[in-house]
1. Determine the pairs where a residue that is in contact (Cβ under 8 Å) with a residue 40 or more places away in the chain, located within region 136-163, has a partner that is aliphatic (A, V, I, L, M) and surrounded by 11 or more Cβ atoms within 10 Å (Cβ to Cβ) with Cβ atoms under 7 Å apart, the partner being 6 or more residues away or on another chain.
2. Just need a number here: residues in region 287-299 that are touching a residue at least 12 places away in the same chain (Cβ under 8 Å) and in a helix (DSSP H, G or I).
3. Of all residues in region 131-155, count the ones that are at pLDDT below 80, polar (S, T, N, Q) and touching a helix residue (DSSP H, G or I) at 6+ places or on another chain (Cβ under 8 Å).
4. Kindly indicate which of Lys142, Lys168 is away from ligand 2 (no atom under 16 Å from the Cβ), among the basic types (Lys, Arg) and under 30 Å from Met307 (Cα atoms).
5. Evaluate region 3-18: report whether one residue or more is among the β-branched types (Val, Ile, Thr), in contact (Cβ under 8 Å) with a residue 24 or more places away in the chain and more than 30 Å from Met135 (Cβ to Cβ).
6. Return yes or no: is Asp18 farther than 30 Å from Gln126 by Cβ, outside any helix (DSSP H, G or I) and away from ligand 2 (no atom under 16 Å from the Cβ)?
Amino acid sequence: MNSSNRIKKMKCFYHENDRDISHYVFWNTDIRKKNHIDIYECRECKEKLERDIDRENRIIEHNRKQKEDARLRREIKNSEEYLKRLKSIENDLWDFKVRDWLAKGIKLKGYEKGLYKERIPKEILQLARATMKLMRKIEHIKKSLPTRKEIEEQKRLKQAEIDMINKKPIMRCTHHGDRFLENVIKSGVDKTNGKQRFKCKECMKRIHAENYKKNKTKILAAHNRYKEQDPEKYREMKNASKRKCWALNKEKYIKKSLDYDKKNPNKKRLRQRRFKNKAVKELADVYVKNQIVRDTRLKWADIPQEMVDIKKGIMTIKRLVKYEKINKGE
Ligand SMILES: [Zn+2]
Ligand SMILES: [Zn+2]
């Protein structure tokens, strides 16, 4: 802008024309003619226009922001739903997951495998789903089980405790002197102080043997009488006594059977095979439990009976499927 330039005030449609220059602002310089002309426009109109433009921009910006917010919200919601869906697939085990699991290891490909999966009935899906959930629970239990190191430490502590007890005599026998845990049998509870009472094992053995020798005919007669009266119960008692005898002399009997097996390895193998074949054929609990605990650190006792039943059901179904396939010559 040059002071020699002429000034031109633009016409205004809203305000009075040719007002004081303070009502105008410089807009542009017209250089087309020899004497340049500075063009001024109405300040009020310009300000209004700017305000309008500003407002317009603000509205546009506002709308844009709103749109963006909505998009973000939608995206979050979608991702939340997506995650929820993923979680639900894993947690609730959607049908396709169960079908995949059931079809695992089946030697079919592509379309045939799809068809196989499709044909699995709803009931079996439910059964398999229950199994999967139980397996997952067991997996969870497995993780919370103590480690091998912890188990060994516990064993060590227990052994130390036993050693401590073994070092201290529990009672004194007039015939045999100090008696330790392994030399006594439990003999009820002392009513005066609630403490466990013990008797010398050797002495008791002797007393029983003497009693038997003295009253042999009487005792045997009584046994026979009892046997005739209630053979079922007699057998039960006999078995219980055998079991007790076994438990008391566990090591001896185990050694005896081990020795027998060592001398007759073929018999041992045959017996084991017979036992195994029977268990596999009849889906015995032991076999099913073994299948479940295989490659885990679970014990049989950790497996709930429902799990065994369900696993049995699934194994039966798998066998039936296999059997049908063989019969159809597939
Ligand atoms: Zn104006
Ligand atoms: Zn004694």
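The values are calculated or read from the model by the stated rules, or taken from the named source; none is laboratory data. Treat the numbers as computed from the prediction; the structure is a model and nothing was measured. Because the Cβ atoms are built from the backbone with ideal geometry, glycine has one as well, and the counts that use them run over all protein chains shown.
1. Qualifying pairs under 7 Å: Ile138/Leu298; Lys142/Leu298.
2. The total comes to 4.
3. 0
4. That would be Lys142, the only listed residue that is away from ligand 2 (no atom under 16 Å from the Cβ), among the basic types (Lys, Arg) and under 30 Å from Met307 (Cα atoms).
5. yes
6. yes
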